[in-house]
Amino acid sequence: MALAFEDQDDADSIAVGILNTVELDIDNIAVIAVDDLTKPLKVVVTKGAESQTFEYNLSGLTLAPQG
C-alpha cells in the first residue's frame, strides 16, 4: 500500500509502519507491506520533545491481486 502524507503542523519527523515504524523522507510517501489486517497502521508525529502516535484499523481494507 502506498500513502502520501501531508505535514500540516511542520513536524520534525513523521514515522509510519505496521510492525516497525520508519521515518519518512522529504517526499512524505510511505510504501507499506500489509500482510496482516489485524495489526494497525501506526503514524508517529514528532515535533520538538513531543510525539503523538495515531493508530489506524486496517480490518476493513480489502486486498486483491492485480491482473
Practice problem: Could you grab me the full set of residues in segment 2-14 that are aliphatic (A, V, I, L, M) and more than 10 Å from the chain's Cα centre (by Cα)? | Solution: ALA11
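Looking at segment 15-32 only, could you name the residues that are farther than 15 Å from TYR56 by Cα and either among the aromatic types (Phe, Trp, Tyr) or within 14 Å of the chain's Cα centre (by Cα) (or both)?
Scanning segment 15-32 gives VAL22, GLU23, LEU24, ASP25, ASP27, ASN28, ILE29, VAL31.
Filter segment 34-66 for residues that are acidic (Asp, Glu) and more than 14 Å from ASN20 (Cα to Cα) and give the result. If you could, list the steps in order and put the result at the bottom.
Going through segment 34-66, the residues acidic (Asp, Glu) turn out to be 35-36, 50, 55.
Across segment 34-66, the qualifying residue is only GLU50.
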Exercise. Confirm whether GLU55 is charged (D, E, K, R), surrounded by 10 or more Cβ atoms within 10 Å (Cβ to Cβ) and on the phi < 0 side of the Ramachandran plot.
Key: yes
Exercise. Would you check which residues across segment 39-52 are surrounded by 11 or more Cβ atoms within 10 Å (Cβ to Cβ) and either under 16 Å from ALA2 (Cβ atoms) or not charged (D, E, K, R) (or both) and list them?
Key: PRO40, LEU41, VAL43, VAL44, VAL45, THR46, SER51, GLN52
Exercise. Can you work out which of the residues in segment 33-67 that are in a strand (DSSP E or B) and among the charged types (D, E, K, R) is nearest to the chain's Cα centre (by Cα)?
Key: LYS42
Quiz item: Only one of these conditions is not met by LEU3: (1) in a loop (DSSP other than H, G, I, E, B); (2) touching a residue at least 12 places away in the same chain (Cβ under 8 Å). Which number is it?
Solution: (1)
Self-check item: Of residues in segment 15-27 being closer than 13 Å to PHE5 by Cα and in contact with a Leu (Cβ under 9 Å, 6 or more places away or on another chain), the one surrounded by the fewest Cβ atoms within 10 Å (Cβ to Cβ)
Solution: GLY17
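Taken together, the values in this text are just the output of simple stated rules run on the coordinates, not laboratory data. Since we're looking at a predicted model, the values are computed, not measured. Neighbour counts are summed over all protein chains in view; Cβ atoms, including those assigned to glycine, are modelled from backbone coordinates with ideal geometry.
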